[in-house]
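Report on the structure given below.
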Amino acid sequence: MKVREKLPKRRENPTKVPKKGKWSQHKPDLREDFHCHCGYCGSYDGYRHTWYEVDHFIPKSLFEPLGQISTEEYSNLVYSCKFCNNNKLSKWPSGDVNIPNYKNEGFIDPCNSDYDNHLYRMNNGSIMWKTELGKWMWNTAFKFDERNYAIKLLWEVNQLRKLIFAYSEQLSKMDEQSNDYRALEEKAKDLSFKYVLIHKDLMDYYNSL
């Protein structure tokens with residue numbers, strides 16, 4: 001599976017024109033363009049496990065001294081969970097703003113479909129690497145290896161959330177007195193119970209950090 005179910009795509013004309021240093025004003029647009037998921041690990045932002053932030057894909061510590069890129073440049077911004085942003089920090093192995101990766105170290109823009117050629121999601125929700133560049137992003141840039149347990153929980157609870165909403169939509173169109181309705185309702189209840197338990201595991205884990 002892909003790390004992100006839908007490829008994010010930055011809009012050409014964001015709704016805000018922030019003043020210098022106010023790149024966080026782009027956050028609502030980025031959240032929409034990244035489908036409410038972290039651009040790097042694909043975690044849904046609907047759980048109170050962490051903050052979601054605006055990351056500079058090319059680190060501002062690299063380009064800002066020379067003024068090569070505006071800190072508010074939308075094409076260089078990523079909707080990112082705090083864990084991915086904090087792990088990535090100012091890493092940029094090539095040292096050149098024009099070279100995102102060099103000798104199997106560096107990054108792929110998460111809005112580039114090539115991102116999915118280097119990392120993938122296993123059936124249990126954990127993230128694994130396909131290439132040496134993917135391996136560098138996996139264990140050096142984002143530390144997906146160390147975050148494996150949390151990433152799996154986040155993926156599983158989100159799959160349950162989507163199923164529950166899908167069942168709810170189906171139920172709203174069915175005869176409440178029918179056997180099919182009652183059978184589907186029981187399935188939805190079972191999923192909801194499982195959702196509560198996994199969500200508790202997820203919150204307990206993050207509260208323990």
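The values are calculated or read from the model by the stated rules, or taken from the named source; none is laboratory data. Treat the numbers as computed from the prediction; the structure is a model and nothing was measured. For neighbour counting, all protein chains shown are included, and Cβ atoms are generated from backbone atoms with ideal geometry for every residue, glycine included.
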The stretch 55-82, residues that are farther than 16 Å from GLY106 by Cα and of a type in the set (Asp, Glu): GLU64, GLU72, GLU73
Among residues belonging to the stretch 166-193 that are part of a helix (DSSP H, G or I) and of a type in the set (Ser, Thr, Tyr), point out the one that is farthest from GLU156 (Cα to Cα). TYR181
The residue that is nearest to ASN117 (Cα to Cα), considering only those in the stretch 138-187 that are surrounded by fewer than 17 Cβ atoms within 10 Å (Cβ to Cβ) and of a type in the set (Gly, Ala, Ser), is ALA166
Within the stretch 10-108, which helices (runs of 4 or more DSSP H) (wholly inside it) include 1 or more residues that are of a type in the set (Val, Ile, Thr)? none
Criterion: farther than 25 Å from LEU133 by Cβ, loosely packed, with under 14 Cβ neighbours inside 10 Å and charged (D, E, K, R) - qualifying residue of LYS6, LYS22, LYS2: LYS22
Name the single residue, out of those in the stretch 46-86 being at pLDDT 90 or above and of a type in the set (Val, Ile, Thr), that is farthest from the chain's Cα centre (by Cα). ILE69
When the residues of the stretch 194-209 are filtered to those that are hydroxyl-bearing (Ser, Thr, Tyr) and touching a helix residue (DSSP H, G or I) at 6+ places or on another chain (Cβ under 9 Å), which remaining residue is nearest to VAL157 (Cα to Cα)? TYR195
Quick check, is VAL54 in contact with a Gly (Cβ under 8 Å, 6 or more places away or on another chain) and hydrophobic (A, V, I, L, M, F, W, C)? no
Assuming THR15 fulfils every condition listed in (1) in contact with an Asp or Glu (Cβ under 6 Å, 6 or more places away or on another chain); (2) of a type in the set (Ser, Thr, Tyr); (3) surrounded by 17 or more Cβ atoms within 10 Å (Cβ to Cβ) apart from one, which condition is it? (3)
Determine the pairs where a residue that is among the β-branched types (Val, Ile, Thr), located within the stretch 79-99, has a partner that is assigned to a loop (DSSP other than H, G, I, E, B) with Cβ atoms under 6 Å apart, the partner being 6 or more residues away or on another chain. VAL97/ILE58; VAL97/GLN68
Please identify the pairs in which a residue from the stretch 112-137 that is surrounded by fewer than 16 Cβ atoms within 10 Å (Cβ to Cβ) has its Cβ atom under 9 Å from the Cβ atom of a residue that is part of a helix (DSSP H, G or I) and among the acidic types (Asp, Glu), counting only partners at least 6 apart or on another chain. ASN124/GLU156; LYS130/ASP116
